1. Which value, in debye to the nearest 20, describes the size of the charge dipole of the chain about its Cα centre when Lys and Arg Cβ atoms bear +1, Asp and Glu Cβ atoms bear -1, and nothing else is charged?
2. Of all accessible surface on the chain at a 1.4 Å probe, what whole percent is carbon and sulfur?
3. What list of ³J(HN,Hα) values in whole Hz, one per residue of segment 114-126 in order, does the Karplus curve 6.51 cos²θ - 1.76 cosθ + 1.60 (θ = phi - 60°) give from phi, with Gly and Pro shown as x?
4. May I ask for log10 I(q)/I(0) of segment 43-134 at q = 0.10, 0.21 Å⁻¹, from a Debye sum over the Cα atoms as equal point scatterers with solvent left out?
5. Given the whole protein assembly as supplied and a 1.4 Å probe, what does the accessible area of residue 166 come to in Å², nearest 10?
6. Along segment 21-35, what does the Karplus equation 6.51 cos²θ - 1.76 cosθ + 1.60 (θ = phi - 60°) give for ³J(HN,Hα), rounded to whole Hz, x for Gly and Pro?
7. I need the calculated FRET efficiency for the pair residue 76 and residue 36, taking r as the beta carbon distance and R₀ as 35 Å, to the nearest 0.05.
8. Given (1) 11.8; (2) 12.5; (3) 10.5 as candidate values of mean projected area of the Cα convex hull in nm², which corresponds to the one derived from the coordinates?
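The values are calculated or read from the model by the stated rules, or taken from the named source; none is laboratory data. Quantities reported herein were computed from a predicted structural model and do not represent experimental measurements. Quick reminder, even Gly has a Cβ in these numbers, built from the backbone with ideal geometry, and neighbours come from all protein chains shown. Ligands, DNA and RNA are stripped out before the accessible areas are found, and what is left, the full protein with its side chains, is counted by its heavy atoms. Shrake-Rupley method; radii C 1.70, N 1.55, O 1.52, S 1.80 Å.
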Amino acid sequence: MRLSILAAALTYASAASGAITWTLQKASNPTSDQADAYTKIEAAMQKAVARYSRFTDASKTIRVYYSPGVPTAEANYNGDLRFGSDRSYMTERTAMHEIAHTLGVGQTAAFDQHCAANNWPTATPLLQSWDGSSAKINCGGGHFWPYGLNYESEWSETNGDRHVQLVDAMLADGM
């Protein structure tokens, strides 16, 4: 009996040890434009966070906004993530890319230092296991590639999974 209680407690503790949570800030009486955007943003965020939860135990609280003045989408390390009015960016791919920014991609000195030195002792071997021994993580403009999901043309289910795994490895490397 004590063993099963201990096992249950450990299971709970490990499941609760890391999670990406998010809330969409909504107008109390939304316009039809806002209501449509909220529906699309919620669907994108639900898919993106579900994928992140399958491949990382990273923790982050994200505040999501619909901000029509934002040209595409944007996010920063403090956990703010904004989608603009262009519906073509209200996708799982965009949400995943922006979540990576909230976790430190292009937002921290550690990311910049690892990029400048091309020093990713966990992430580089992972990338090379997929793309071959000469593969390397490229950085520029606060982004990385491959698997940074910087453009819609980069999207596939495999690339989505690899994106999260690579971000998780970057976090392990001290991003």
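1. Dipole of the chain, to the nearest 20 debye: 420 debye.
2. 53 percent
3. Working through the residues one at a time gives 4, 5, 4, 8, 6, 10, 10, x, 9, 5, 4, x, 5 Hz.
4. Listed by q, the Debye log ratios stand at -0.31, -1.08.
5. Ignoring ligands and nucleic acids, residue 166 comes out at about 0 Å².
6. 10, 8, 9, 9, 7, 10, 5, 5, 10, x, 6, 5, 4, 4, 4
7. Here the calculated transfer efficiency is 0.85.
8. Computed from the coordinates, mean projected area of the Cα convex hull in nm² corresponds to (2).
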